[in-house]
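What follows is a set of notes on a single structure, which appears directly below.
The values are calculated or read from the model by the stated rules, or taken from the named source; none is laboratory data. Predicted model, so just to flag it, every value in this text is computed and none were measured. Here the Cβ positions follow ideal geometry from the backbone for every residue, glycine too, while neighbour counts run over all protein chains shown.
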Amino acid sequence: MRERSPSGYAELHAWSNFSFLRAAAHPEELAQRAAAIGLHALALTDRDGLYGSVRHCSAARAAGVQGIVGTELSLDEGGSVVLLARTRAGYANLCHAISTAQLRGSKGAARLRWEDLEGHAGDLIALSGWPPPEDAQARAERLRALFGDCAYLELQHHLRPDDATRVRRTVALARRLRMPCVATNGVRYAVREDRQLCDVLTCVREKTTLAAAGTRLEANAEAYLKDAAAMRRLFAPYPEAIAATLEIAQACTFSLDRLEGQFPSFSVPAGFESTQIYLRHLVFEGARVRYGSPLPRDVERQIDYELGIIAKFDLAGYFLVVWDIVQAAHRLDVLCQGRGSAANSAVCYCLGITAVDPIRNGLLFERFLSEERAEVPDIDIDFAHQDRERVIQYAYERYGRAHAAMVAEVITYRTRSAIRDVGKALGLSLPQVDAIAKEYDVRESLKTGAAPGGDTPRPSILRLLGEICKRIEKYPRHLGIHSGGMLLTRDPLIEVAPVEWATMAQRSVVQWDKDDLADLGLVKIDLLGLGMLSLLRDAFAMYNRMHPEQPLELRTLPPEDAQTYEMLCRADSVGVFQVESRAQMSMLPRLRPRCFYDLVMQVAIIRPGPIQGEMVHPFLRRRNGQEPVTYPHPKLQPVLERTLGVPLFQEQGMRLAIVAAGFTPGQADQLRRAMGNKRSRERMEELYPKLIEGMACNGIEREAAERLYQMLQGFADYGFPESHAASFALLVYASAYLKRHHPAVFTAALLNAQPMGFYSVSTIVNDAKRHRIAVRPPRVNASGWWSCAVDDGTVQLGYQLVRDVGERRRERIETALAQGRPFADLVDFARRTRLPRAALESLASVGAFEPWYRDRRRALWEVAALVEREERGELGRLMDVEEGVAPLAPPSAPEETALDFWGLGLTTRRHPISYVRGLLQRRGVSSAAALARLHDGVRARVGGLVITRQRPGTAKGFVFLTLEDETGTVNVVLKPKIYERFRRAARQAQALVVDGVLQNEQGVIHVVAATLTPLELEDLTRGTRSHDFY
């Protein structure tokens, strides 16, 4: 780091890539560069927000540079003003200014008015911005009136022809008004070489190309982070402007470090003196419901212990707020369930926040909260995703919009999005850009993968495309909204964190993501949407309407049902929560779950950690009696007995430290955090002496202690929370039970919950048909908006599945259906639903009007005639006129299938592959069902629709396809070399014929591919889409 001199310089006007397509440097890069060139301080002043400020301040502290918090705000009258926070009070005013400007404008269009700063200018430093406006004097006088001695006129000199003149005029104005000047460089990138990258991002923002951008690009490469010497040379005639940078930096004492103490207070009912007393009352009330009265001693002891920890950290209000939201969900009839580490808490269980009994399941509370960890724990709650918005709006109403907002998610560039944006900026055509982007999956990185290729663009353009895409990978592109995180604050939120509108209506969002909030000590509550809970809610309601005499609920499902487990052992799990993926289906016949804890292990074992830790195969061998169950040390048998001596869960790592090394539960939690930290191995090494010493004191010899330490160190890479697995296992069992015993209800609810899971609606319907469920296509006077079970063996598809009908038309259809009388004919249907022509044509295409017309072609003809009459204004007059029937040939069976796929994305008729079965048989292609009769290791040829493509990060380059024909599904394994050889067919073909070798082990069948050949189905499957690369 270069030594800083008294005659140094502080850069007070710099944008990072969090100015969203306006600048080309991460906040961390700017801080590190500032340290490298010896700057005294660096202010990050991203446009209209503090998006990158938390990262900037953290990086500046690490680099030994003063980080100043600021922003450049867009003015309603045009131009901008730069505001810097001097103190905590100034920071509150800064947040107020940003939030006011953002909430006045639309998404991405903040507009600040001068009057917004009246009464909120204290402890802020204002720079006039650059270039100076035409009314520079009026702007300067307004600035001085608001900010007094803290108002500065800004000078920038980028060596453009008119910069020197502008600087002279601004200095002259400052001297006339007796206002100070300050020099800045309007930084947009860290080093001069990044000018081209910044230009490309500008083109993306402006939706133009480098060739056409003209004056929208910077004239030169001077907007880089300059050292003190360079700035002194530029402003040699005005040394006071350089000195002012250090004066301002000295005045800005605020550091964006911690903003704790902001969780809202909770008002308790009369008769309770404190939140702690009220919480205790609710917990013991819930405990008596959960465990009966009198309470078992171990339950009462655990509850008292947990309440003591909660009281110590003054967290009763936090638990009450979460409880209140859960209670509101129950009142709103929204199915919900807590998960994650909260399931380790008996308090959460007794409050009804979680559904897993942590005492009976032997879960460690310290995994959730401990004395050694002085921070607010995470409580994640899943809600039925179709109802979650009602709960979010309750939180807004209950705690006030002034104190509540959603947490942001920073949407960053990945390979495909970078290729699309950068390619267009470089002048490639849309077909060229699409062709290149399709060669990569959503997780593939140009930093480790092949460079872009293509036939049309010049090699030099492709090289430049690859270089720039690598640079902007993980650059922020725009601000999104977190899946469910909500920030609640005690003080008005707009004084704690900057707020803006989200794209979604009625949603406001803070400008920071969950990691930023955690760094600042601000507490969020995760109100997450889970499709499976929507499915279960819908399924229970549907079943209870059909069978009111024996209603079903989540908590009343018969436990440990043998038929449900038998179904799972067959890997018959399409649509079942967490166990429907190819990898889980391969595991089910091997693990053969027979009880609830088996499901807990099933959920946990197909995770990156256990796979990378090579724990899967030892566990299965022991489970199947192929390997003896052994333990690293006899003392650890109670800890590892349930998992057959193989550690799978983080909690086991904690208990191992408690039992073997004498750690307290809190110390074991510190160990668990080390295991989960990005620098876990380094932190584990810090704990090494304490672990070894503790094991020695516990009678464990040094050699055995070293082996246990090595196990824990490896565990750092793969531990999975048992509490999380147990919470999900409840939903695995519930969904599997419904699939086994009430398949029609399950199928209808699964269709209604889409999109979710691994499979398309076509695969879901085909699976139902293989389970002898009759699936009826949409029909007027039979369908409702949602699909439903007509009886225990029949599903009626709803209007919601039909193309061009969509959510926007839902209200019209439901209003028409609510009139309680059937539609008389097409005219009556069109008049009452007021659907547009495209929707009517889609309904005709899928046969929805077949009660009135003998075939779809006739229905389409009638829709066209009806629309034409309506457009002529003759609908009413001709409503009862009977017209002649044109001679139209009905569509063939393959044509009807094609229309089904186009209009529904599925067919209730013949599977498309059945139309080419004769051809496939002549080519020696086996059906999916026939594979079970073949021996392991034989050559096999299979064919079908590609319904899923997966390329897991843990699979070392292997790719997995699932093919479907009229008899079932086939899993196909592509080794890395085969994938690269047949990359285009593997990625893009709708249907394939695969030659390879059959693997048949314990009833798990795969085909290891040797060659792939696209299977042409003409237009049969137009409209289908596979689910790719989850």
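Between Glu11, Glu28, the distinction of being in a helix (DSSP H, G or I) and within 18 Å of Cys198 (Cβ to Cβ) belongs to Glu28 only. Taking residues in the range 258-280 that are at positive phi, and partners anywhere that are in a loop (DSSP other than H, G, I, E, B) and buried (at least 18 other Cβ atoms within 10 Å of the Cβ), not one pair has Cβ atoms closer than 8 Å while being at least 6 places apart or on different chains.
Report yes if Val191 is surrounded by 17 or more Cβ atoms within 10 Å (Cβ to Cβ), of a type outside the set (S, T, N, Q) and in the same structural domain as Ala140 (by TED's automatic domain parsing), otherwise no. When the stated conditions are applied, Val191 does not pass them.
Once the range 647-676 is narrowed to residues that are farther than 28 Å from Leu620 by Cα and outside any helix (DSSP H, G or I), the residue that is farthest from the chain's Cα centre (by Cα) is Gly662.
Any residue that is more than 15 Å from Val407 (Cβ to Cβ), among the hydrophobic types (A, V, I, L, M, F, W, C) and surrounded by 23 or more Cβ atoms within 10 Å (Cβ to Cβ) - is there at least one of those in the range 514-530? Scanning the range 514-530 turns up at least one residue that is more than 15 Å from Val407 (Cβ to Cβ), among the hydrophobic types (A, V, I, L, M, F, W, C) and surrounded by 23 or more Cβ atoms within 10 Å (Cβ to Cβ).
Where helices (runs of 4 or more DSSP H) fall wholly inside the range 737-842, the ranges with 3 or more residues that are within 30 Å of Val579 (Cβ to Cβ) are 743-752, 761-770. A search for C-beta distances below 6 Å between a residue of the range 834-847 that is on the phi > 0 side of the Ramachandran plot and any residue that is charged (D, E, K, R), counting only pairs 6+ apart in sequence or on different chains, returns Arg834/Arg812; Gly847/Arg856. Would you confirm whether any residue within the range 216-235 is part of a helix (DSSP H, G or I), more than 25 Å from Gly64 (Cα to Cα) and under 42 Å from the mean Cα position of the chain (by Cα)? Within the range 216-235, one or more residues are part of a helix (DSSP H, G or I), more than 25 Å from Gly64 (Cα to Cα) and under 42 Å from the mean Cα position of the chain (by Cα). Of all the residues in the range 622-644, those that are over 40 Å from the mean Cα position of the chain (by Cα) and touching a residue at least 24 places away in the same chain (Cβ under 8 Å) number 2. Report yes if some residue within the range 344-351 is surrounded by fewer than 17 Cβ atoms within 10 Å (Cβ to Cβ) and either under 30 Å from Ala753 (Cα atoms) or of a type in the set (D, E, K, R) (or both); otherwise report no. For the range 344-351, residues surrounded by fewer than 17 Cβ atoms within 10 Å (Cβ to Cβ) and either under 30 Å from Ala753 (Cα atoms) or of a type in the set (D, E, K, R) (or both): absent. Based on this model, can you work out whether Val761 counts as at pLDDT 95 or above, within 21 Å of Met542 (Cα to Cα) and not charged (D, E, K, R)? In short, no. Looking at the structure I just gave you, is Thr253 surrounded by 14 or more Cβ atoms within 10 Å (Cβ to Cβ), touching a residue at least 24 places away in the same chain (Cβ under 8 Å) and part of a loop (DSSP other than H, G, I, E, B)? Yes, satisfied.
Under the condition of being buried (at least 24 other Cβ atoms within 10 Å of the Cβ), within 28 Å of Arg909 (Cα to Cα) and in contact with a helix residue (DSSP H, G or I) (Cβ under 7 Å, 6 or more places away or on another chain), the residues counted in the range 716-749 number 9. Put simply, of Leu42, Leu50 the only residue that is within 30 Å of Leu143 (Cα to Cα), touching a Pro at 6+ places or on another chain (Cβ under 9 Å), surrounded by 19 or more Cβ atoms within 10 Å (Cβ to Cβ) and not basic (Lys, Arg) is Leu50. Just give me the residues in the range 278-296 being hydroxyl-bearing (Ser, Thr, Tyr) and farther than 19 Å from Phe266 by Cα, in sequence order. Matches in the range 278-296: Tyr291, Ser293. The set of residues in the range 383-406 that are in contact with a helix residue (DSSP H, G or I) (Cβ under 6 Å, 6 or more places away or on another chain), crowded, with 24+ Cβ neighbours inside 10 Å and either of a type outside the set (Gly, Ala, Ser) or not assigned by TED's automatic domain parsing to the domain that holds Leu307 (or both) contains only Phe383. Scanning the range 979-988 for residues being surrounded by fewer than 20 Cβ atoms within 10 Å (Cβ to Cβ) and among the aliphatic types (A, V, I, L, M) gives a total of 1.
Selection of the range 812-830 for residues being of a type outside the set (Gly, Ala, Ser), touching a residue at least 40 places away in the same chain (Cβ under 8 Å) and surrounded by fewer than 22 Cβ atoms within 10 Å (Cβ to Cβ) yields Pro822, Phe823, Leu826, Val827. Return a yes/no flag: does the range 750-769 have any residue that is surrounded by fewer than 24 Cβ atoms within 10 Å (Cβ to Cβ) and acidic (Asp, Glu). Scanning the range 750-769 turns up at least one residue that is surrounded by fewer than 24 Cβ atoms within 10 Å (Cβ to Cβ) and acidic (Asp, Glu). Scanning the range 60-84 for residues that are closer than 19 Å to Asn185 by Cβ and small (Gly, Ala, Ser) turns up Ala60, Ala63, Gly67, Gly70, Gly79, Ser80. Taking Val790, is it surrounded by fewer than 23 Cβ atoms within 10 Å (Cβ to Cβ) and out of contact with any Asp or Glu (no Cβ under 8 Å at 6 or more places or on another chain)? So Val790 fits the description; yes.
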